[in-house]
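The values are calculated or read from the model by the stated rules, or taken from the named source; none is laboratory data. Values in this document were obtained by computation on a predicted structure and should not be read as measured data. Note that we place each Cβ from the backbone using ideal geometry, even for glycine, and neighbour counts take in every protein chain shown.
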Amino acid sequence: MTRTAPRLSRYRRPDFLVGAVLVFCAAIVPLLLFAVPGRWQWPEVYLIFVVVTILAVRVVPVEPGALLRRRVARRTLVGAIVGICLLMVIVGGDLGDYLWLGILGLVFGDVLLGRATQRMATAPDDRVDEWQESLRNQAHRTAYWLVGVGFLVFFFGTYVATEQTRAWLSQGRGGGLWIVSAELLFCLPAMVIAWNQSDPVRERLSPPWHLTWMRRATIAMVSVALLAPVLASLALPVLPITTQSSVLPSQGRCLTFRATETVGILVEAQLPIAALACWNGRRAVEQFGMNRSDCTPADTQLATVQTISCRRTVSAGGTLRFLYATRVRSPFLPFMTRVVRLRLTLTRTGRVLQFP
Amino acid sequence: MALAGALWLLLASPVPESLNGWGIAVVLAIVALVVAVGAGTGWVAFRRAHRLDEFSLGLRDRAYRLAFRMFVLGVVLLGVGLAVSQGLRGEITWAVPDPVGARGMAAVLLLVACLPTSVAAWIGGADEADPLADGGRVRAGRRRGRWLPLLSVPVLFTAWLMGGALLPVSGASEVTLPDPGFAMSNGHCGAFAATEQVARGFGPTVRLLAQVCWNGREAWVINDPGAPTPRYFGPVSSRMEPALCTPANDGTDFGLVSRVGCQVWIDRAGTVNVRLTAHAGSGLLGIGRKWIQITLAVTRTGRVLTFT
């Protein structure tokens, strides 16, 4: 008599919850221990977590599944990735903050590509049989020629054609060109394999997998890695702004103003001001630090910053006013923004009315 | 192979900052070495499948897989080198953009062209990879034919010389207003960058980097200690970097720049004038030497009169 495992038991402990506990204990807690004392910043912690997640995902075996086993689905996937690449090259700069959506699309496509090809392109030699070895070697040869010819025609041609094309290449259409280049360098062989593989795929690269602890943890890690920037973006408009400021007397009738405003966690920006202003009883004047070139963010992490105002005026009464306002935007959810203002008001008698 | 690899690293690395005109010699040496290796393997990497036996076919395809990975590694190394180079030199955000420079472009071109042959020779060894090595029965003509690609060395050299001599000097300029690196309370400043390149960058490059300020009474240059100080403004604390008139740091890899002259003067109308003159040549046999001039004139109100 054979016993069959009760199927419902798989659903009593959802993958995510079980894995989340594992991830929290194994990965998040040690990282937090580093982050809390201020050794590292949040984006660095997140980056390390993403790297750990990628390594974990690569350890877990994958199968193409019913859909990606079919050649038409695989070719559609390759076509979609090529389409995103073309879009990013042609209109990359104009996509602005939405470029991140293209990057997320590529990441998602690459994950599916890995499933479709069972990551054959980068599998260790002892995991592939002779036929699979031959298939991936041929795919690399095709990919090499595609990259080589593409480089000669596109990059070299653009570089030497005119100064305008070289400038275009240099700007990379807002970074899209370089992202696409990286995508092709790292994923083109897998794309060729997905395109060429038989219909349907029957060969298995690894033994059948079960719902292991490792897999649960990996699912949770991927979920945390994808959700973290979204949650950070949603929190951007509501998190309190941290301000550090100081006003110190300087030589003569002058004051040195220093302030840094920090907004957001993970998706964050630091806006500084360091200025010197003096007064003579008739009017207050700026010495340095209140010009257009001074209105720049000190540090941005996974955020884009746009200066919306950088204005210095002296009223008829001799009062100096300076306003530096920026809009901090999340690249993951571009409609989530936060306006941060730094103000300085100094009277002709040296009284600080407002700072920052 | 090791020598070719070392020469490639020299080409791709940010150190030394300039190859002082020897860039073309490095490129030709790499090509010659790889041709020698390719002749030894019978050019297995470029042979069609029906002209290879099963072993050579497997070797060829495996070589391409490893070559692809090495290409990715090479491009990553090049990117790291570029980042280090920019860090060492200090990136000038308002300079005329050049994505990788001619040295980097040559390094990637060599990677594309030479890696499959080099890897096939490395993993198979010359005798194993050679599809023509068949007990000495191969005809001598076919053996000699495999050295024909060696002609690419003089062809490349001639093309480079002709390009330097015949192609017009290409110029580009960039005006950034206001100057992203300098500002003043009672005046305005702008950054002016221009380059003149021989052979589309595969020759010497001359560069002008001028930070000019004006206040309605006169205009003046701030980033050169030898430039005249403004009469109505008083002495300005000059910043030494970047130098006003220089051959570009990466502009002397494939050629030499000599007799660099840099004149700055403020005329009676308050207009600041900058004139850069230089001789740019291949550095070999004095062929293709060209006279280069860049002029800039900015009025006291910030109007650019000439910038070519």
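Please verify whether A:V57 is within 19 Å of A:T218 (Cα to Cα), modelled with pLDDT under 80 and in a helix (DSSP H, G or I), treating the condition exactly as stated. When the stated conditions are applied, A:V57 passes them. Do we find a residue being without any contact (Cβ under 8 Å) to a residue 60 or more places away in the chain, more than 29 Å from B:V257 (Cα to Cα), out of contact with any Phe, Trp or Tyr (no Cβ under 6 Å at 6 or more places or on another chain) and within 12 Å of chain A (Cβ to nearest Cβ) anywhere in the stretch B:78-87? No; the residues of the stretch B:78-87 include none that is without any contact (Cβ under 8 Å) to a residue 60 or more places away in the chain, more than 29 Å from B:V257 (Cα to Cα), out of contact with any Phe, Trp or Tyr (no Cβ under 6 Å at 6 or more places or on another chain) and within 12 Å of chain A (Cβ to nearest Cβ).
When B:A95 is tested against the conditions (1) under 23 Å from B:Q197 (Cβ atoms); (2) surrounded by 20 or more Cβ atoms within 10 Å (Cβ to Cβ), the lone failure is (2). Residue pairs whose Cβ atoms lie under 6 Å apart, sitting 6 or more positions apart in sequence or on different chains, and linking a residue in the stretch A:127-139 that is touching a residue at least 40 places away in the same chain (Cβ under 8 Å) to a partner that is of a type in the set (D, E, K, R), are A:Q138/B:D61.
Among the residues of the stretch A:293-309, what is the count of those that are surrounded by fewer than 17 Cβ atoms within 10 Å (Cβ to Cβ) and of a type outside the set (S, T, N, Q)? Of the residues in that region, 3 qualify. Evaluate the following for A:V107: is it of a type in the set (V, I, T), closer than 30 Å to A:I219 by Cα and within 14 Å of chain B (Cβ to nearest Cβ)? For A:V107, the condition - of a type in the set (V, I, T), closer than 30 Å to A:I219 by Cα and within 14 Å of chain B (Cβ to nearest Cβ) - is not met. Within the stretch B:174-218, take every residue that is charged (D, E, K, R) and under 23 Å from the mean Cα position of the chain (by Cα) and give me the one that is nearest to A:C310 (Cα to Cα). The selected residue is B:E174. Looking across the stretch A:310-324 at every residue that is more than 27 Å from the chain's Cα centre (by Cα) and buried (at least 19 other Cβ atoms within 10 Å of the Cβ), the one that is nearest to B:N186 (Cα to Cα) is identified as A:R312. Among the residues of the stretch A:322-353, those that are without any contact (Cβ under 8 Å) to a residue 40 or more places away in the chain and basic (K, R) comprise A:R327, A:R341, A:R343, A:R351. Filtering A:F155, A:F151 for residues that are at the interface with chain B (Cβ under 8 Å from one of its Cβ atoms), hydrophobic (A, V, I, L, M, F, W, C), more than 25 Å from the chain's Cα centre (by Cα) and over 23 Å from A:G79 (Cβ atoms) leaves a single hit, A:F155.
In the stretch B:88-112, of all residues being out of contact with any Leu (no Cβ under 9 Å at 6 or more places or on another chain) and in a helix (DSSP H, G or I), the one that is farthest from the other protein chains (Cβ to nearest Cβ) corresponds to B:L88. Number of residues in the stretch A:301-324 that are farther than 17 Å from A:T242 by Cα, modelled with pLDDT under 85 and in a loop (DSSP other than H, G, I, E, B) equals 1.
Considering only residues that are under 15 Å from A:E261 (Cα atoms), away from chain B (no Cβ under 11 Å) and of a type outside the set (D, E, K, R), which ones fall in the stretch A:276-301? The answer is A:P297, A:A298, A:T300, A:Q301. Of the residues examined, B:V15 is not one that is within 23 Å of B:W160 (Cβ to Cβ) and not small (G, A, S).
Pairing each residue of the stretch B:38-58 that is touching a residue at least 12 places away in the same chain (Cβ under 8 Å) with any residue that is among the polar types (S, T, N, Q) and surrounded by 18 or more Cβ atoms within 10 Å (Cβ to Cβ), provided the two are 6+ apart or on different chains, yields C-beta distances under 6 Å for B:G38/B:T117; B:V44/B:S56; B:A45/B:T117. Does the stretch A:158-198 hold any residues that are under 14 Å from A:V78 (Cβ atoms) and more than 9 Å from chain B (Cβ to nearest Cβ), and which are they? Within the stretch A:158-198, A:E183, A:L184, A:C187, A:A190, A:M191, A:V192, A:I193, A:A194, A:W195, A:N196, A:Q197 meet the criteria. Of all the numbered requirements in (1) surrounded by fewer than 20 Cβ atoms within 10 Å (Cβ to Cβ); (2) touching an Asp or Glu at 6+ places or on another chain (Cβ under 6 Å), A:A277 misses one, and that requirement is (1).
Scan the stretch B:18-77 for residues that are more than 29 Å from the chain's Cα centre (by Cα) and away from chain A (no Cβ under 14 Å) and the total you get is 8. Inspection of the stretch A:92-104 finds no residue satisfying the criterion of being at pLDDT 85 or above, in a helix (DSSP H, G or I) and either buried (at least 21 other Cβ atoms within 10 Å of the Cβ) or within 14 Å of chain B (Cβ to nearest Cβ) (or both).
If you take the residues in the stretch A:325-356 that are assigned to a loop (DSSP other than H, G, I, E, B) and of a type in the set (S, T, N, Q), which one is surrounded by the fewest Cβ atoms within 10 Å (Cβ to Cβ)? If we take residues in the stretch A:325-356 being assigned to a loop (DSSP other than H, G, I, E, B) and of a type in the set (S, T, N, Q), then A:T349 is surrounded by the fewest Cβ atoms within 10 Å (Cβ to Cβ). Per this entry, B:V212 is counted among residues that are more than 9 Å from chain A (Cβ to nearest Cβ) and surrounded by 19 or more Cβ atoms within 10 Å (Cβ to Cβ).
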